[in-house]
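Some notes on the structure that comes next.
What follows is calculated from the coordinates using simple rules that are stated; it is not laboratory data. Since this is a predicted model, take the numbers as computed values, not measurements. Counting neighbours? That spans all protein chains shown, and the Cβs are built from the backbone with ideal geometry, glycine included.
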Amino acid sequence: MSQLNKHHLNELRKDIVFSEQLCGHKLNYHSTWGIFSPREIDDGTRLFLKHIKVNPDDDCFDLGCGYGPIGLTLAKLAPKGQTLMVDKDFMAVEYSNKNAQRNHIGNAEAILSNGFQHIDPALRFDLIASNVPAKVGKEMMSLMLHDARDRLKPEGRLYLVTINGLRQYMKRNLKEVFGNYKKLKQGAKYTVHLAII
C-alpha cells in the first residue's frame, strides 16, 4: 500500500469534528464514518428540532440517537429532567456519551438497545423523540409505536420525523395506536409528526 493511501486511510479514521447551534444551544460534536449523517446535522433533525416543544423538567427519550444531536439538545432544553438516548449501534452509543461529556451535559446518557428492548420496563417519559430511519420496516415500526405508547407518562408526547414518503403511513398508524395524530410540519423532504397519550 502506498504512503499516500495509508495517509488517506489514517485521515478517515480520525474523528469528524464540528459545532452546531440547535434550539439556541451551541454544541460540539465528534462523530465517525458509519454513523448516520456523520459530517453535519441532517435536514430531518434540523426541521424536527424547530417544531418540538420541551418543558424544563421533561424526562426525555431519544430513540436511535446516532452521535446525539437530538438527545443532547433535549437534555439542554430540559435541564431539570433526565434524557435517555438509545441506539442499536455501539459506536453511536459511545459517541453520544462522549459528546455529552464533551459538552458538560450531565443529565443525558446513552445506552445500547434495539428500540425499547433493553430499557427498564418501569421507566416512563414525558417526551419520546425519534428521527425514524426510512427503511425501519413495518414490524419494527409497530413495536416502536406500541412500546412508545406504553412508556409515556400521562399527557406524554411522541415526536417523530420521517421522510415525506412515510407521511400517510405514520398518520394511519399513530391514529391507530394513540387515537390521535397531528402533522406539525411538512418540509421539502421530511414531515414532523406528533401523537399524545
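Numbers for the structure displayed
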{"item": "Packing-based ranking, highest mean first, of 27-39, 68-80 given that Cβ atoms within 10 Å are counted", "result": "68-80, 27-39"}
{"item": "Net charge, P79 excluded, C-beta distance under 13 Å - Lys, Arg +1, Asp, Glu -1", "result": "-1"}
{"item": "Folded to 0 to 90 degrees: helix 90-102 orientation relative to the chain principal axis, Cα", "result": "90 degrees"}
{"item": "Antiparallel content of DSSP bridges confined to the stretch 42-196, in %, to 5", "result": "40 percent"}
{"item": "Pairs from K76/K185; K50/K189; K153/K183 whose Cα-Cα separation, in the structure shown, is over 19 Å", "result": "K76/K185; K153/K183"}
{"item": "Order of K6, K171 - criterion: other Cβ atoms within 10 Å of each residue's Cβ, fewest first", "result": "K6, K171"}
{"item": "Shape category assigned to the stretch 53-152 from the gyration tensor of Cα positions, a/c cut at 1.5", "result": "oblate"}
{"item": "Local electrostatic count at N114 - Lys and Arg +1, Asp and Glu -1, tallied over other residues with Cβ under 14 Å", "result": "-3"}
{"item": "Sequence-separation-based contact order of the chain, relative, with Cα cut under 8 Å and 6+ spacing, percent", "result": "17 percent"}
{"item": "Neighbourhood net charge (11 Å Cβ-Cβ; Lys/Arg +1, Asp/Glu -1) for K171", "result": "+4"}
{"item": "Cα centroid separation - the stretch 1-40 against the stretch 60-112, whole Å", "result": "18 Å"}
